[in-house]
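*Asks:* Here it is, the structure in full.
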Amino acid sequence: MRFSLFFFVIIPFVEIMLLLEVSERIGGWNTVLMVLGTAVLGITLLRRQGFSTMLRFQQRLRSGELPAQEIVEGMLIAFCGALLLAPGFITDTVGILGLLPPVRKAIARRILRSGGAFMSGGPFAMGRQFQYRETRFDEGDIIEGDVVDDDKLGKDRE
């Protein structure tokens, strides 16, 4: 409840007040140009960082590593892109800061280390937290096994 109040009421109110104050000092058209300029800068960063993260994601997959860092960074890039869509200086500043690689990587590492990432979807997730652990499989490693249905195993023994 507090988060939604903050995000949907307080932030827009502060953004409007800041836009009005800036437009009073430098003029309405200059304020509009500044907002559009930050949006263009943000979209440029968004594109560049999105492609870069996607390439790193694919490289890690090819090398047999878990691309957890890139997945979290991709979510952060999407969130920052949404912030850039909202008109205003505060959301644009936070969005652009989140698109800067050192800031984004630090936030992603912190999320992964804290275990704050949740698995969602899929038959095994059920909202459980997972621990990030980097694993690497060399080419040629084969793990063999059989699938055993415990229900059928119990019926066969009876």
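*Asks:* Would you be so kind as to identify which of 42, 74, 22 lies farthest towards the positive end of the dipole of the stretch 2-118, taking Lys and Arg as +1 and Asp and Glu as -1 on Cβ and the Cα centre as origin?
*Replies:* 74
*Asks:* For a distance above 23 Å, tell me the whole-number percent of Cα pairs in the stretch 9-122 that qualify.
*Replies:* 40 percent
*Asks:* I'd like the distance between the alpha-carbon centres of the stretch 16-37 and the stretch 89-116, rounded to an integer number of Å.
*Replies:* 26 Å
No lab work stands behind these numbers, since they all come straight from the coordinates. Here the structure is a predicted model, which means the values were calculated and not measured. Heads up, the Cβs are rebuilt from the backbone with ideal geometry, glycines too, and the neighbour counts pull from every protein chain shown.
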